[in-house]
Amino acid sequence: MADLSIEDKRSLTTLLRQNHFDYYARLNMFCQLPKREFKGFKAILNPGMEWPNMIYDIRCDAEEPDSILSEIRSGIDSGDLPELLIIDTYAKSEQFDSVARKYGMLPVMRWPGMVFHLSGEVQVKMPDSFEIRQVSNQAMLIEWTAVVNETFFQKTGIHEKALTGILDTNDLELFVGYSKGTPASTLMINYRTKEAGIYMVSTRPEYTGRGFMTTIMHYALIRTAARGLKYALLEATPQSYKIYRQIGFQDIANFDIFWRANKTQQ
């Protein structure tokens, strides 16, 4: 596996960024979620649920993020914007972190952006009594959201009714991995012309350590390769990073998540 140049990482990060933005746009379209567009950023809102709620596509001036972050903080305080924002290494200026802190936006998570080059055949070996199915009806969507909510969220999570529209498109696909008929793992794939973005990869705690996550990820790579796409891209959580590296994903950038503190720091 060849090392990536800085130029490669930048171009691949742009693809991942665009896939992420397109992913949110499709959620808006098919799930009829509230969306806010501003001069310097966008936001997706899902009132009453934990996901998806994010400020994204932040377009700061080269050296001066002050005006955008001031507008973001005002929108958060008024309840018109969600409390989280995401921005990658190459999109933010050197001053971004310090200015964000001034407006009470604190870094709380860092997700490595990663790429898998689909240059050859991908094989998957299913563990015993494990099978993967594409979500194709409301009952399976209920199973998918139950696993995601149990894995990622503490309170309201997301209701399957907010995702029903996804069943009518081929550009977003949801999958459930079953262990002896019980929903155990999930993922979501957002397809574009050059790449696929992989999201919502989860495994219920009682099923970890059995290879289900690796298996469902290999399955996602097979689906992506079948469409003739060159890259599979994702943002890794700290818990899943090592597994993605073992599969063959390479680092391209960091995506920082900022969360609003109780008040701005003057």
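Could you grab me the full set of residues in the stretch 241-265 that are hydroxyl-bearing (Ser, Thr, Tyr) and surrounded by 21 or more Cβ atoms within 10 Å (Cβ to Cβ)?
Scanning the stretch 241-265 gives a single hit, TYR244.
So which of LEU174, LEU221, LEU229, LEU167 ends up being among the hydrophobic types (A, V, I, L, M, F, W, C), assigned to a strand (DSSP E or B) and out of contact with any His (no Cβ under 7 Å at 6 or more places or on another chain)?
Testing whether each residue is among the hydrophobic types (A, V, I, L, M, F, W, C), assigned to a strand (DSSP E or B) and out of contact with any His (no Cβ under 7 Å at 6 or more places or on another chain) leaves just LEU174.
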*asked:* Can you say whether GLU94 is within 26 Å of ALA236 (Cα to Cα), modelled with pLDDT under 90 and surrounded by 14 or more Cβ atoms within 10 Å (Cβ to Cβ), as far as the supplied structure shows?
replied: no
*Report yes if some residue within the stretch 203-223 is touching an Asp or Glu at 6+ places or on another chain (Cβ under 8 Å), in the same structural domain as ILE243 (by TED's automatic domain parsing) and among the aromatic types (Phe, Trp, Tyr); otherwise report no.*
no
*Scan the stretch 232-266 residue by residue and report those that are hydroxyl-bearing (Ser, Thr, Tyr) and not in a loop (DSSP other than H, G, I, E, B).*
TYR241, TYR244
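The values are calculated or read from the model by the stated rules, or taken from the named source; none is laboratory data. Because the structure is predicted, anything quoted here is derived from the model rather than measured. FYI the Cβ positions are ideal-geometry reconstructions off the backbone, even for glycines, and counts take in every protein chain you see.
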